[in-house]
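Structure first, then comments.
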Amino acid sequence: MRMKQEKNKWIRALWIIIGITALSFFVSIIISLFLGNDFEALDGNVAVIKIHGTIVSDEDHFSFEEVASSDEIIKLIKKADKNPSIKAIILEINSPGGSAVASEEIANEVKKVNKTTVAWIREIGASGAYWVASSAEHVVANRMSLTGSIGVIASYLGFSGFLAEHNVTYERLVSGNLKDIGSPFKDMTKEEKALFEKSLESMHNYFIEEVAKNRNLKKSDIKKIATGLFYLGDEAKELGLIDELGSKDEAIAYIEQQIKEKAHLAEYKEEKGLLHKLSQVFSKQSFYIGRGIGSSIFAQSKTARGISIFT
């Protein structure tokens with residue numbers, strides 16, 4: 001009888017252990033799904049931060065395309081820079097560019113880092129993404145990657161002809177003669193076009209100045225190639241836009257040479273929980289439904305008309 005009681009006690013204890021383990025596992029899954037977490041390899045000495053997709057200032061929009069948020073990337077750069085175990089940072093770039101402001105924000109943060117920084121352009125590091133790459137201490141690119149494309153764009157779609165064809169009028173009510181500059185519902189005047197081009201020219205000049213400064217090149221030399229044209233990796237090297245042709249291996253080799261120890265990579269990224277992702281989707285869906293179809297179309301047209309400036 002006593003042996004049976006002992007046996008039952010051990011069985012109960014075993015079930016308690018199994019229950020606690022299962023509960024802990026379930027709780028960890030719930031936390032990761034709903035709260036999210038920052039993944040950080042504790043034993044790494046080289047932080048890898050990915051800049052993939054269009055560069056934007058934040059991810060507060062509903063989109064199916066991959067984007068690189070300057071807010072998030074800057075946060076990761078700061079975290080890596082503050083970590084004493086991290087000796088260098090690799091910026092893994094695969095981006096066609098994006099917001100001029102967001103690109104400059106990331107580039108400025110990279111230049112503040114007190115550690116070795118390497119930009120590795122895998123397939124494409126053009127326009128704003130190249131601006132970011134140029135701010136790193138060393139730039140590596142695949143010989144067939146697309147780099148450069150130093151230029152600024154603010155194109156827009158015009159619907160004035162479509163409206164006239166369908167007998168729809170645009171009633172212009174403004175308190176300033178330039179308040180509706182760039183509206184897709186009317187043709188742009190010569191004055192408006194000249195003002196837009198002047199602003200773009202100024203931004204283009206900022207871009208050229210920053211690249212020349214970052215790459216330690218003459219502004220006049222950068223200006224000659226800043227036509228918006230992209231260059232293959234080997235062409236970019238000849239022009240001084242990158243330092244080395246290669247892959248992640250070359251980026252790691254350079255870092256090991258600088259830090260005098262073997263590189264152990266730690267991928268820095270922000271994981272968003274399921275609750276965050278669902279709330280984004282539902283809030284956006286509710287927002288679009290609540291404001292009506294007309295205002296949604298108008299908001300889309302504002303984006304299309306080039307109010308946001310892209311590099």
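Key figures
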item: Within segment 185-240, considering residues that are among the polar types (S, T, N, Q) and closer than 22 Å to Ala133 by Cα, the one surrounded by the fewest Cβ atoms within 10 Å (Cβ to Cβ); result: Asn216
item: Filter result for the condition that a residue is modelled with pLDDT of 95 or more and either assigned to a helix (DSSP H, G or I) or surrounded by 12 or more Cβ atoms within 10 Å (Cβ to Cβ) (or both), over Ile297, Ile252; result: Ile252
item: Qualifying residue in segment 255-271 (condition: closer than 18 Å to Ala107 by Cα and assigned to a helix (DSSP H, G or I)); result: no
item: Complete set of residues in segment 30-56 that are at pLDDT below 90, in a strand (DSSP E or B) and polar (S, T, N, Q); result: Asn37
item: Pairs, first more than 12 Å from Leu146 (Cβ to Cβ) in segment 213-239, second assigned to a helix (DSSP H, G or I) and acidic (Asp, Glu), C-beta under 8 Å, six or more apart; result: Lys219/Glu209
item: Hits in segment 76-106 (condition: surrounded by fewer than 24 Cβ atoms within 10 Å (Cβ to Cβ), hydrophobic (A, V, I, L, M, F, W, C) and within 24 Å of Met203 (Cβ to Cβ)); result: Ile77, Val101
item: Filter result (surrounded by 24 or more Cβ atoms within 10 Å (Cβ to Cβ) and in a strand (DSSP E or B)) within segment 123-145; result: Gly125, Ala126, Val139, Val140, Ala141
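One line per residue, one yes/no per condition, for (1) over 28 Å from Leu229 (Cα atoms); (2) part of a strand (DSSP E or B); (3) modelled with pLDDT of 95 or more; (4) more than 12 Å from the chain's Cα centre (by Cα):
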{"position": "Phe64", "(1), (2), (3), (4)": "no, no, no, yes"}
{"position": "Lys78", "(1), (2), (3), (4)": "yes, no, yes, yes"}
{"position": "Ile86", "(1), (2), (3), (4)": "yes, no, yes, yes"}
{"position": "Ile106", "(1), (2), (3), (4)": "no, no, yes, no"}
{"position": "Lys111", "(1), (2), (3), (4)": "no, no, yes, yes"}
{"position": "Ile121", "(1), (2), (3), (4)": "no, yes, yes, yes"}
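The values are calculated or read from the model by the stated rules, or taken from the named source; none is laboratory data. All figures in this text were calculated on a predicted structure; none of them were measured in a lab. Please note: Cβ atoms are built from the backbone with ideal geometry, for glycine as well, and neighbour counts cover all protein chains shown.
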